[in-house]
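Notes to accompany the following structure.
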Amino acid sequence: MATIRVSTSADREEPASNPVLRSAPCCLPAAEGTSMTSPIIVAGGGIAGLTVALSLLRQGRQVIVLEQTRAIGDVGAGISLGARTSRALYALGIEAALKAVSDTPQGSAAFDYRTGEVLGGAYARRNWSAADMADVNMLHRADLFDVLKAAIDAIDPQAVRLGHRLERYEQDEAGVTVHLSDGDILSGSVLIGADGLRSTVRSQMTGEVTPRATGRVAYRFLVPMAQAAPFMGAGPAGIYVGSRVALGRYVIRKGTLVNCVAFAHRPDVSSESWSQRATRDELMALFDGWHPDVRGLASAAPLERTARWALYDRDPLDTWIDGRVTLIGDAAHPLIPFLGLGAAMGVEDAIIMARAFAQWPEPAQALDVYQRARTGRANAILLESRRQAEVFDAGPGATNDMPDAERESRVDYDPLTVALPQPWQTCPDKQP
């Protein structure tokens, strides 16, 4: 068999001329009898990486997760998982553990930033069914990490390897070889790049280096309920909308914390680090003239639990596959958080990929099915996130001309039941 030509950090072609990126994954030669006997390597231990690892481990596959941090700690912000995302995670055997660390909202609304009046138009609330509301989970991102990692550890305590950073990959017809920053070399059948916005895997695959700066920032602050309670009269969840600034807040950790996230225009801020602190004066200036409940939350926020980071994304990709290497989650489609679907999209990717491997065990076919099942939706959501940011820019009077059916499809997508395409049997240049 001829060796497959791949891009490496030392020998990279432009994506348009890279023959692997041009070829369909079905053109990849399968190693006879060994295509899936070596481990699947996942680069990145975020939500998408841990979810796909757990999904594949439950199929009896060997999985190695390479996470560059040395501890999965109490970092990040709260996240909200819609009913279908939650049920997809329940299918991985973690329903009880997930509910044990989550809060369920009793409804949510959008409010005018000055008056607190409930908004309609682009911000009109959806009438959720009681069953769907019961399966919405609001929790701290770190708590979801803990639940996923505990489930992985119960199957294979050695699967997640902390303090391991991928530097580059190589591949041939037999599999994938990954080179780590400490000099270690690992071999596997497939490499899944789950390494986020600044993905090393994506950079090698496409030649991209720098993500797109949006000129927007996010502020996150966690307020203990004892201090937040006087400012929560509008309910446990909601969003206040101003012009070019918005603040969402909801209760997490069994009612003990209020997670607040604000978005604003700050082209002067470039740091993506969640450890960069915002000052009290900065927060109060951001909400100057806002409703007293918002200013009250900002004034009560412990500064050690207050962070500010710049928002970046990337343009959509036509392909997420380079031979036996693929992308998932933010590595494939990093979203700015104006739809609140970042975690959901990573979970969807993971479930669809696992379903593809369960039905088509050859890597070429499974990756082909995964990509064709996901790129259309993921790229559409990425672009819609940008449009939604512009809706927020318009302030409380914004309108949204998106058809109701299209809006509903954003949240009604079910990764457990959506039909999967059939794998290609020939290369794309031979397709009719």
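The values are calculated or read from the model by the stated rules, or taken from the named source; none is laboratory data. Just so we're clear, the structure is a prediction, and the values are computed from it rather than from any experiment. Glycine also receives a Cβ, built like all others from the backbone with ideal geometry; neighbour counts cover every protein chain displayed.
For ALA389, the conditions (1) more than 30 Å from VAL241 (Cα to Cα); (2) modelled with pLDDT under 95; (3) among the hydrophobic types (A, V, I, L, M, F, W, C) are fulfilled apart from (1). Among the residues here, ILE41 qualifies as closer than 20 Å to ALA350 by Cβ, among the β-branched types (Val, Ile, Thr) and either at pLDDT 75 or above or in contact with a Ser or Thr (Cβ under 7 Å, 6 or more places away or on another chain) (or both).
Among the candidates GLY183, GLY175, the residue that is without any contact (Cβ under 8 Å) to a residue 40 or more places away in the chain and either farther than 10 Å from ALA43 by Cβ or hydroxyl-bearing (Ser, Thr, Tyr) (or both) is uniquely GLY183. Going by the conditions given, is ALA398 more than 24 Å from ARG141 (Cβ to Cβ) and either free of Cβ contacts under 8 Å to residues at least 40 places away in the same chain or not assigned by TED's automatic domain parsing to the domain that holds GLN422 (or both)? Judged against the criteria, ALA398 is not a match.
Restricting the range 286-328 to residues that are among the basic types (Lys, Arg) and assigned to a loop (DSSP other than H, G, I, E, B), which is farthest from GLY215 (Cα to Cα)?
Of everything passing the filter in the range 286-328, ARG324 is farthest from GLY215 (Cα to Cα).
Residues of the range 130-184 that are touching a Lys or Arg at 6+ places or on another chain (Cβ under 8 Å) and under 30 Å from ALA96 (Cα atoms): ASP135, ASN137, LEU139, HIS140, ASP143, ILE155, VAL160, LEU162, GLY163. Exactly one residue out of ILE72, ILE155 is modelled with pLDDT of 95 or more and surrounded by fewer than 21 Cβ atoms within 10 Å (Cβ to Cβ): that is ILE155. Looking at the structure I just gave you, is LEU383 touching a strand residue (DSSP E or B) at 6+ places or on another chain (Cβ under 6 Å) and in a helix (DSSP H, G or I)? No, not satisfied. With respect to the stated conditions, VAL176 is crowded, with 20+ Cβ neighbours inside 10 Å, within 23 Å of ARG355 (Cβ to Cβ), touching a strand residue (DSSP E or B) at 6+ places or on another chain (Cβ under 7 Å) and modelled with pLDDT of 95 or more.
When the residues of the range 88-124 are filtered to those that are within 18 Å of ALA150 (Cα to Cα) and of a type outside the set (Gly, Ala, Ser), which remaining residue is surrounded by the most Cβ atoms within 10 Å (Cβ to Cβ)? Checking each candidate, the answer is LEU89.
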